[in-house]
Amino acid sequence: MTIDDAPRDALRGGPRELLRWVATGAAVSRADLSRLSGLSPSTVSQRVEALISQGLLEETGAGRSRGGRRPRQLAVPTGGAVVGAIDLGAHHARLGTLDLSGRVVQARTLPVRIEDGPEAVLGALLTEVAALAPNDPAAPPAGATARALRGIGIGIPGPVQHATGRIVSPSRMPGWNGFDVAAFCAGRVDVPVIVDNDANLMALGAHRTAHPELDHAVYIKAGTGIGSGVISSGRLHRGAQGSAGDISHCRVAADPAPPCTCGNSGCLEAVASGAALVTALREQGVPVDDLTGVIRLIDDGDRQATALARQAGRAVGEILAVVVNFFNPQVVAIGGRLADCEPLLASMRATLYERCLPLATQSLLIERVAAGQDVGITGAAHLVIDHVVTAS
Ligand SMILES: [Zn+2]
């Protein structure tokens with residue numbers, strides 16, 4: 001074992017990992033868990049019993065016999081506990097319930113007006129999630145089994161101080177600065193609520209879905225805003241205050257350097273975010289309503305929109321090259337609504353290769369986040385599942 005492997009190795013066989021092995025089908029019995037973890041059968045049994053008593057695992061029927069008594073089979077309960085998840089965007093929120101293996105049970109998209117303020121927006125979304133997963137067995141929804149809500153994970157499209165659940169200086173979220181999301185939610189629901197920024201949740205969801213075996217990964221979320229989430233040694237890396245991965249105000253080469261909402265100019269967000277592309281096109285006299293309009297113009301091969309997308313891709317690549325040289329990830333993936341924009345992706349990739357050390361890029365995977373519109377709620381759910389399992 002190298003020193004670099006230590007943090008992950010220390011978690012080996014922890015309750016969280018045992019649950020994940022069962023959830024992914026890697027293990028169906030205590031013997032499997034013992035083999036995978038290297039732990040003694042009695043230690044595994046102890047941990048499995050604790051997970052069963054928490055309702056996080058169950059024993060179902062009997063597994064395949066290898067000659068002796070047929071072993072009991074372990075499974076993640078499918079008809080019981082769920083976690084709620086909310087992935088808040090500038091104009092829409094994706095919300096849903098997921099089972100304890102991170103599979104989506106129900107999900108829907110609702111329009112939101114972020115400018116209505118945190119109480120109105122979050123209050124309505126919490127009510128929706130609670131309605132999807134009533135924890136009152138006396139009042140199940142028609143045709144559904146009552147499901148116990150174990151916690152709610154919320155992604156916010158702005159900087160979040162993870163330890164406190166407070167929002168700090170968000171762009172384009174008037175009335176939200178300093179708002180204590182965790183305290184607000186604690187007054188409304190009686191389950192743990194965990195808050196993080198949307199890029200971190202996308203990173204966690206994409207990593208757990210596509211590359212749980214890779215230890216070092218960077219995920220860029222490019223939508224109306226722009227941000228990133230970092231997986232280091234298999235875990236979400238938040239840094240001291242929770243701002244790790246926030247690349248939105250890193251300066252890029254741009255002439256002229258457009259002004260940014262933070263008061264500086266030439267920030268990545270002011271050059272390469274969806275909001276920046278809308279602004280730049282309007283300044284060039286192109287009538288465009290929103291990011292959807294920009295993407296449509298790019299798909300139609302509009303010259304001005306395509307040129308701006310290429311410039312945005314170079315800017316993202318420039319920052320990403322610094323990140324890759326510094327951090328040496330195994331995979332860099334881009335998600336968010338601009339991830340499907342081919343000219344942006346092509347120039348990002350070209351800049352990244354041009355500016356990176358060959359050693360850093362020779363086996364680097366560069367790809368799109370493949371998990372679709374539920375990647376944020378999947379990440380939010382894993383955040384809660386990890387918390388619930390760790391606390392058990
Ligand atoms: Zn800025």
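The values are calculated or read from the model by the stated rules, or taken from the named source; none is laboratory data. Fair warning: this is a prediction, and the values are worked out from it, not measured in the lab. Glycine also receives a Cβ, built like all others from the backbone with ideal geometry; neighbour counts cover every protein chain displayed. Accessible surface areas use protein heavy atoms only, side chains included; no ligands, DNA or RNA. Shrake-Rupley method; radii C 1.70, N 1.55, O 1.52, S 1.80 Å.
Points to keep in mind about this one:
- Enumeration of residues in the stretch 264-275 that are more than 9 Å from the ligand (Cβ to nearest atom) and not in a helix (DSSP H, G or I): Ser273
- Restricting the stretch 341-365 to residues that are within 24 Å of Leu236 (Cβ to Cβ) and over 20 Å from the mean Cα position of the chain (by Cα), the residue that is most open to solvent (accessible area, probe 1.4 Å): Ser363
- Within the stretch 167-191, the only residue that satisfies the criterion of being of a type in the set (Lys, Arg) and more than 29 Å from Leu56 (Cα to Cα) is Arg172.
- Checking Val195 against (1) farther than 20 Å from Ala85 by Cα; (2) without any contact (Cβ under 8 Å) to a residue 60 or more places away in the chain; (3) more than 16 Å from the ligand (Cβ to nearest atom); (4) not polar (S, T, N, Q), the condition it does not meet: (1)
- Filter result (open to solvent by 70 Å² or more (accessible area, probe 1.4 Å) and more than 9 Å from the ligand (Cβ to nearest atom)) within the stretch 247-263: Ala253, Asp255, Pro256
- The stretch 90-100, residues that are open to solvent by less than 20 Å² (accessible area, probe 1.4 Å) and not in a strand (DSSP E or B): Leu100
- Complete set of residues in the stretch 283-340 that are within 30 Å of Asp215 (Cβ to Cβ), in a helix (DSSP H, G or I) and open to solvent by 30 Å² or more (accessible area, probe 1.4 Å): Arg314, Glu318, Val322, Val323, Asn325, Phe326, Phe327, Arg337, Asp340
- Condition met for Thr224 (of a type in the set (S, T, N, Q) and out of contact with any Gly (no Cβ under 7 Å at 6 or more places or on another chain)): no
- Scoring Val278 on the criteria (1) in contact (Cβ under 8 Å) with a residue 24 or more places away in the chain; (2) outside any loop (DSSP other than H, G, I, E, B); (3) out of contact with any strand residue (DSSP E or B) (no Cβ under 6 Å at 6 or more places or on another chain) leaves a single failure, condition (1).
- Condition check for Ala186 on (1) touching an Asp or Glu at 6+ places or on another chain (Cβ under 8 Å); (2) at pLDDT below 90: one failure, at (1).
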